[in-house]
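Below: one structure, written as structure tokens.
The values are calculated or read from the model by the stated rules, or taken from the named source; none is laboratory data. Everything quoted here is computed from the prediction, not taken from an experiment. FYI the Cβ positions are ideal-geometry reconstructions off the backbone, even for glycines, and counts take in every protein chain you see. When the accessible area is computed, the model is the full protein with side chains, heavy atoms only, and any ligands, DNA or RNA have been set aside. Shrake-Rupley method; radii C 1.70, N 1.55, O 1.52, S 1.80 Å.
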Amino acid sequence: MNREPTYKELKKQNEFLQLELDRVTDHIKQAQRINEKANSRIHYLESTLDQLDTYIYIKDNQKKYVYANKKTLKFFECTDNELKGSDDSSYFPKETVKVISKIDDSIIKLGENTNFEVESKDNDGNRLVFLEIKSPLFDKNDKNKIVGLCGISTDITERKKQEDAIKENHLQLKLLNKTKDKLFSIIAHDLRSPFYGINGLSELLIENLNNTENEEAKEYIFLINSLTKNTLTLLDNLLTWVKSQTKELHFNPEKITLSEEIVEVITLKRSISKAKNISLSYSPKDKIELYTDKNILQTILRNLISNAIKFTHVGGNVNISVTRNKELIEISVSDNGVGMSEETISKIFDLSNNTPLPGTNNEQGSGLGLVLCKELVEKLGGKFWVESKVEKGSDFRFTLPMSISE
């Protein structure tokens, strides 16, 4: 026969139960606090992910969506509840789904991180390009068990458009460069050669001018010769300037005698100066030897002497002089022609702001010669400047080192 518990026993049982209840209550409260902290962290994490300007999502190992941030939901045009359990076929064209599915399978099976570009189309059929970065997600209790994947997707459509535009521009530039090379090849060979022939014939006619009394014929012959030389100078300047701008101008320094180079250039310009009855004077004082590029130096001298003749009146004078100062030589080409104002001087070395002026006999030019001279002098390691007064004449001066390195 069972005995009824005494009051004392019941009291002890009650106290024990109360202790157990308090312990369970503490555990529940502790679990609630942990849960609140976890929820708070999840909230902060979700809030942060929602603020990012990129698409972030999580899929399970069946490639079904379990989470997506706001940007992704907006792109998919669905709610969080509608997203869960859906797959890519709800949001992308079939061809895009095939590409994504193949990569997702690889991640879930092999557990490797990957990044790739995937193309798709929007509702209007416009091209979309995304950069996808995906990583496998592992079970917290089993690090070898893959339970899904996390993806970060960035819309790079505009960047791809820019890259494609750059590629297209690059192709266009290559075509333009080929065209440019062909053009300058024609100028260098096919166009210059006939002018050399015309120049030679006009020189021959000039030599035989004494055999004719036809003044009009003489005038035309001198004009043909002058125009031919000016055109050849322009072509040579154009080719040299292009080479200078495209870094194709090569330096070939050699030991030269300065006076010989100046005399050679003066001889070439005699017929032009004779046509305007302009005297070319040069009296070398010392035998100066330089180590420099002969062709570039002659280009500079040809342009300066031609420019002086162009802007000097009929019957005027052009003088070439040389002085030496330690390791530098200074060459001057001066004339008593029309001269220039300070405003004109400030513009003559700027092609974008340079309006070529006609010469005293209405000779035409491109304005390129002086620009080229300044650039070439500086490439040879020297300085270039001009002193001039209106109706008094101009004095173009430049310095060169006695030797330049190859």
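The number of residues in segment 110-147 that are touching a Ser or Thr at 6+ places or on another chain (Cβ under 7 Å), touching a residue at least 24 places away in the same chain (Cβ under 8 Å) and not acidic (Asp, Glu) comes to 7.
Determine whether residue 144 is within 19 Å of residue 47 (Cα to Cα) and over 37 Å from the mean Cα position of the chain (by Cα).
No: the conditions fail for residue 144.
Just one of the listed residues (299, 240, 292) is open to solvent by 20 Å² or more (accessible area, probe 1.4 Å) and either under 21 Å from residue 374 (Cα atoms) or assigned to a strand (DSSP E or B) (or both), namely 240.
Residue count for segment 49-78 under the criterion of being under 39 Å from the mean Cα position of the chain (by Cα), over 18 Å from residue 149 (Cα atoms) and not in a helix (DSSP H, G or I): the result is 2.
Being at pLDDT 90 or above, at negative phi, surrounded by fewer than 20 Cβ atoms within 10 Å (Cβ to Cβ) and in contact with a strand residue (DSSP E or B) (Cβ under 8 Å, 6 or more places away or on another chain) is a property that residue 378 has. If you go through segment 322-355 and keep only what is surrounded by 15 or more Cβ atoms within 10 Å (Cβ to Cβ), assigned to a loop (DSSP other than H, G, I, E, B) and over 39 Å from the mean Cα position of the chain (by Cα), you end up with 336, 337, 338, 339.
Okay, residues lined up against (1) over 30 Å from residue 326 (Cβ atoms); (2) open to solvent by 60 Å² or more (accessible area, probe 1.4 Å); (3) touching an Asp or Glu at 6+ places or on another chain (Cβ under 9 Å):
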position: 206; (1), (2), (3): yes, no, no
position: 218; (1), (2), (3): yes, no, no
position: 258; (1), (2), (3): no, no, yes
position: 261; (1), (2), (3): no, no, no
position: 277; (1), (2), (3): yes, yes, no
position: 282; (1), (2), (3): no, no, no
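Are any residues in segment 79-109 farther than 16 Å from residue 148 by Cα, in a helix (DSSP H, G or I) and free of Cβ contacts under 8 Å to residues at least 12 places away in the same chain, and if so, which ones? Selection gives 81, 82, 89, 94, 95, 97, 98.
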